[in-house]
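Peer 1: Dumping the structure here so I can ask a few things about it.
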Amino acid sequence: KQWYQRRVAITAGILIQGSPSNQHNHKNLTIQLKLDNEFELVFAVVVQKMLQLSYLDKLIDSIHLEFRDKYKNELRDGTLWLNGCNFDSDFSGILSKIEGEHRVEKSAPRAMKQFTQSKKFEKTATANKAMFEQDKSVASTAARLATAVMGTASSDPPAEKQKTDVEIARENMKKKKAAKKGKKKPEEPAAPPVKVPKKGKKGKEARSWDMGGKSTEGIDFSSEPQNGIQSANLKDESHLKGTMSGDLNGVGDDWSESEDEEDEEVVDNSVSNGTSGKSSGMFSFLKNINFSTQQTVTSESLEPVLEKLKEHLTSKNVAAEISIQLCDTLESSLVGKSYSTFTGLTSTAKQALSDALTKILSPKHRVNVLRDVMEAKSKGRPYVITFCGVNGVGKSTNLAKVCFWLLDNGYRVLVVGGDTFRAGAVEQLRTHVVRLANLYSEDQVQLYERGYGKDPAGLAFEAIKYANERRYDVVLVDTAGRMQDNEPLMRALSKLVALNTPDLTLFVGEALVGNEAVDQLVKFNQSLIDHSSTALAGTKSVIDGILLTKFDCIDDKVGAAISMTYITGQPIIFVGTGQQYPDLKSLNVKSVVSALLR
């Protein structure tokens, strides 16, 4: 009992101090903490400091998930602490399983990961194969043309064989004998020169598309589709099935975890000693080193470090306003605290920034779409997701990716053509639905549309009613792109959201934007709050999550994720990473923070 009370007191002391790190040392103990913001829980694992256990993170994450899943209803109702809980057997089982897995991994020989096993190699090999096939087809075409030219030349009559001196002498003797007899032999006409026909210049050939040709059947949308599906000649995409079953992979899982180590900053030394920080000899840096173990952070010493961090965040596409606010928060939390001179002030500030970014990107509430769809299905109603955003960010394309993911997990999906303004929007969705229906079945996915010029709010209402009657599991509502300053269109979007109360309202934004992301999200969210309360009394709607598109175009400039999450406080649920259906991932917080600080 005294051992238990001692560890509770240590844990409480760490929480009161508010240290940003998750692992703490106290005398001969190591304490690993994990906070659950949604249910206000603290999970702690306490071990002897001499035991260097590499599986503590995995152990505490597994216990966290198992405890939440087992007691989620009691935690929501607040009855867990009244009724009590018995988690000892579960804890023992999890601990035994993880220790067993650790022993197996430790006993197995660790082989270095080969380059041929990485995703980068797969992409390179695919591109090289395509280029090889193209070069091969060009070479075969050139060979056929050369064979045809050689065949044409060989089919021409052979040129006259050159005569020898003996044959010429015999012909002269015959001519002389004929002249003596008074007979003149007519001269043989010269053989006409053989002309090799010149190859005419080849004209430009018409390009043949996969779904094109001379017939317009594949692109004719004038006839009414049957059951919402337009027949077309589609290529086989069966290899895509089963590639996205279960939860989505995290973006950045295949990124390299190694980071370039920065040299120790001499800014704080130059500020305190009044030197420029330049060295004139191999050992001259010893003159500027302060050998004290602890120093106090001051605003003056922190200013050059924060300026550098601010410039770094802005270069990573973080909005300028957000960069300033982050650095101000960092300054207020660090000034007055002590840091080790061997660690350096820059490293201390960088670690504090890493913890702050991790806290921002970590959702206050988890959004598990597959779990929520299953819960709505058990209640006998469809799960409704609305996609909104500005023009050209990829709403329809990423809606099709989400649809493919849900279909791959066995759900029936109704796609709603709610963009009744942009020309071609309905046809774009119909093309996606045709491909997905060809991949799965027409009964599993369907398009609900009523053409152009209709009221999107009423159309979505009818579609949800239709899905409820036909027992669809999920309804995906597409909306027209609109700028955040267009008040009439923002009122129409607010009306759609307020009237139909979707389970999830996703803001679709580009990962390419910087300062513009702040303006877009603030005005979209404020318009939904303001106009929804006027559309339906007592109803207020907000953006529930973010879908970040074009993430494959930004390399490590991932600052838009920080800007959008910092403004709304809502999680990034989906990340679009390409043009194919499987190019949809979830957000890996650790990888994004690592990319931001590189």
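The values are calculated or read from the model by the stated rules, or taken from the named source; none is laboratory data. Fair warning: this is a prediction, and the values are worked out from it, not measured in the lab. With ideal geometry, Cβ positions are generated from the backbone for all residues, glycine too; neighbour counts draw on all protein chains shown. These accessible areas exclude ligands, DNA and RNA; they are computed on the full protein's heavy atoms, side chains included. Shrake-Rupley method; radii C 1.70, N 1.55, O 1.52, S 1.80 Å.
Peer 1: Give the residues of the stretch 442-460 that are assigned to a helix (DSSP H, G or I) and under 31 Å from the mean Cα position of the chain (by Cα), sorted by residue number. Break it down stepwise before answering.
Peer 2: Let us first name the residues in the stretch 442-460 that are assigned to a helix (DSSP H, G or I), namely 456-460.
Those that are assigned to a helix (DSSP H, G or I) and under 31 Å from the mean Cα position of the chain (by Cα): P456, A457, L459, A460.
Peer 1: Can you name the residue in the stretch 573-582 that is surrounded by 18 or more Cβ atoms within 10 Å (Cβ to Cβ) and either over 13 Å from the mean Cα position of the chain (by Cα) or not β-branched (V, I, T) (or both) and, of all such residues, is farthest from L439 (Cα to Cα)?
Peer 2: F574
Peer 1: Looking at the stretch 349-382, which of its residues are among the hydroxyl-bearing types (S, T, Y), touching a residue at least 24 places away in the same chain (Cβ under 8 Å) and more than 16 Å from T568 (Cα to Cα)?
Peer 2: S354
Peer 1: If you don't mind, there's one more thing I want to ask. Could you run through the stretch 400-440 and say how many residues are open to solvent by 20 Å² or more (accessible area, probe 1.4 Å) and among the aliphatic types (A, V, I, L, M)?
Peer 2: 1
Peer 1: Kindly indicate the residue of the stretch 300-345 that is within 19 Å of A595 (Cβ to Cβ) and among the hydroxyl-bearing types (S, T, Y) and also least open to solvent (accessible area, probe 1.4 Å) among those meeting that condition.
Peer 2: S323
Peer 1: Filter the stretch 462-479 down to residues that are within 21 Å of K495 (Cβ to Cβ) and within 31 Å of the chain's Cα centre (by Cα), then give me how many there are.
Peer 2: First pass over the stretch 462-479, keeping only residues within 21 Å of K495 (Cβ to Cβ): 462-468, 475-479.
Subsequent filtering for residues that are within 31 Å of the chain's Cα centre (by Cα) retains 463-464, 467, 475-479.
So the count comes out to 8.
Peer 1: I need the helices (runs of 4 or more DSSP H) fully contained in the stretch 464-572, keeping only those with at least 2 residues that are at pLDDT below 80 and buried (at least 18 other Cβ atoms within 10 Å of the Cβ).
Peer 2: Values: elements: 487-500, 515-535, 559-568.
Output list reads 515-535, 559-568.
Peer 1: State the number of residues belonging to the stretch 303-343 that are touching a strand residue (DSSP E or B) at 6+ places or on another chain (Cβ under 8 Å) and either among the polar types (S, T, N, Q) or modelled with pLDDT of 85 or more (or both).
Peer 2: The qualifying residues number 3.
Peer 1: For T397, which of the numbered conditions (1) in contact (Cβ under 8 Å) with a residue 60 or more places away in the chain; (2) open to solvent by 40 Å² or more (accessible area, probe 1.4 Å); (3) among the hydroxyl-bearing types (S, T, Y) fails to hold?
Peer 2: All conditions pass for T397, except number (2).
Peer 1: Scan the stretch 559-593 for residues that are among the hydroxyl-bearing types (S, T, Y), more than 16 Å from I543 (Cβ to Cβ) and touching a Gly at 6+ places or on another chain (Cβ under 8 Å) and jot them down.
Peer 2: Selection gives S586, S591.
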